[in-house]
Amino acid sequence: MLRTCLLFGFAALACVALSGCREEAPVSFEPNMVHSMKYQIQEGFSMDQAAQDTTWIVDKMFGTPNDPKLPDFAAEDEDLASLITLDRLVRASGPVGEEGRGLYRTHCALCHGVTGNGRGTTAAILNPYPRDYRMGVFKFKSTPRGSKPTEEDVADSIRNGIAGTAMNKIPELDEEDIQSLTDYVIYLSWRGELERALIDDAIFELDLEGGDRIINPDLANSDDAEEKETFEEQWSYAVELASDIADSWLEAKEEVIEVPEPPAELPVPNSRNEYEQILKGKKADALLASVETGKELFVGKIASCSKCHGEKGLGDGQTTDYDDWTKDWTSRIGLNPEDRDALLPLLARGALPPLNAIPRNFAEGIFHGGADSEDLYRRITQGIDGTPMPAATFVDGEFEKKDVWHLINYIRSLQAADYDPSSDPVLQESTVSM
């Protein structure tokens, strides 16, 4: 499936490069109609006015794809001003082909969409789907589950791509391009998360069915002092939500998980090649003993890796689950992801058909979040945000943090000796980007 998707993605980009067949993307941010509709289904009343009010707020704060801006309070806060710079937003935004601009629509929007909703032109034929930034959730990062990634985490995904997916490295990007796109991804995520938060809070705090408004722009210039005060309160609340989201991004750099060194006597190879080299040397017995311990943990009841990844790590255990991007608008509001008839109102408003979240097949030796031992340590101890992959549960004397290194060695041993990702022309040549 992945091979087919990559070929389609490659063909789409080749069409762009060779014939200029892609039309210029829309120059407006698309409202999150799926998020509004799910509440309309759940609550049984129209969300049209709430969606319009929310769109007005985020457009007022963040501008347009051609003319991005930041909330006024961001410029007044030194830390926030360092999180995203307007110069980089301008560089990343704008139409394809405009000198000094257009990075995002040139390299990213085809998959991730102009709005960052993960619903670009090629999205429907890719598996996994491109990331929807608007939940504010990112899978591969150096911070704990539930925290934002650092700026460097986002930049690293852009700089190196994500192995085994259509998100590939873009050789023509220089470091300033990468930093500009990093700022723009954070900007889109910030904007999209605020849009969702405004709707979420309104559902629980306001009587929308009775006519309460998230914000009424008509009151901004009212001659009535009470009406004007109402608008200012509504706007202040939106600013507070936006500030809280920005703070979560700023806090990420303080939350980076420091990976401990493995025990001195325990060899922990960083690649399959290094694994095979150690097996030829003096530490072979120590590595093989570690692999055996890791295998016991892998199929044991506490670590329970085999429940999803299968007894032999082939990704053939639990394969019918979904990621949080799908659960958000299906099972969490009582809809069965398999019941396509029930999903039609949401699919009509931009949701992509649910795809199962398939556990990693370790025989392939491909790790979306990075293949270094440190990367694997973080994935095991923290889980993977937005996915069914949970953080490890440790039990004194049975499964402790030091045992994670044994699991890593066992996982490394599962890679098929004759499988070389660098020899796969589809994975190497696909230019479908972030």
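Rule-based calculations on the coordinates, nothing more; no lab input. Here the structure is a predicted model, which means the values were calculated and not measured. Cβ sites come from the backbone with ideal geometry, for glycine too, and all protein chains shown count toward neighbours.
The candidate values are (i) 275; (ii) 163; (iii) 144; the one derived from this structure for volume of the Cα convex hull per residue in Å³ carries the label (ii).
Before anything else, pin down the relative contact order of the chain: Cα pairs under 8 Å, at least 6 apart, normalised by residue count, whole percent.
Values: 671 pairs, mean separation 90.8, N = 434.
Computed over the chain, the figure is 21 percent.
When the pairs K69/K139; K38/K169; K141/K295 are compared against a 32 Å limit on Cα-Cα distance, K38/K169 fall above it. Quick one: check the C-alpha center-to-center distance for the range 277-330 versus the range 160-239, whole angstrom. The two parts, judged by their Cα centres, are 39 Å apart.
Just want to confirm a number: the relative contact order over the range 214-282, from Cα pairs under 8 angstrom separated by 6+ residues, in percent. Intermediate results must be reported in sequence, preceding the final value.
Working: 21 pairs, mean separation 11.1, N = 69.
Reported as a whole number, the value is 16 percent.
With the helix formula -39500 (n - 2.57) applied to DSSP H stretches of n ≥ 4, the chain reaches a computed 222 nm mean residue ellipticity of -14000 deg cm²/dmol.
Trypsin sites (Lys or Arg not before Pro), restricted to the range 277-357: which are DSSP loop and have at most 11 other Cβ atoms within 10 Å?
For trypsin sites (Lys or Arg not before Pro) across the range 277-357 that sit outside H, G, I, E and B with at most 11 neighbouring Cβ atoms in 10 Å, the list reads K280, K282, K301.
Of the residues L288, F362, L376, the one whose Cα sits farthest towards the positive end of the charge dipole of the range 225-382 is L288 (charges of +1 on Lys and Arg Cβ, -1 on Asp and Glu Cβ, taken about the Cα centre). Straight-line reach from K228: taking Cα to Cα under 22 Å and skipping same-chain neighbours fewer than 8 places apart, the lysines in range are K60.
Computed about the Cα centre, the dipole magnitude for the range 2-254 is approximately 2040 debye when only Lys and Arg (+1) and Asp and Glu (-1) carry charge, each at its Cβ.
Basic side chains Lys and Arg get +1 at the Cβ, acidic Asp and Glu get -1 at the Cβ, and with that the dipole of the chain about its Cα centre reaches some 2400 debye.
Screening the chain for whole DSSP H helices of 24 Å or more along their axis (Cα) with average Kyte-Doolittle hydropathy at least -0.5 returns 2-19, 175-205.
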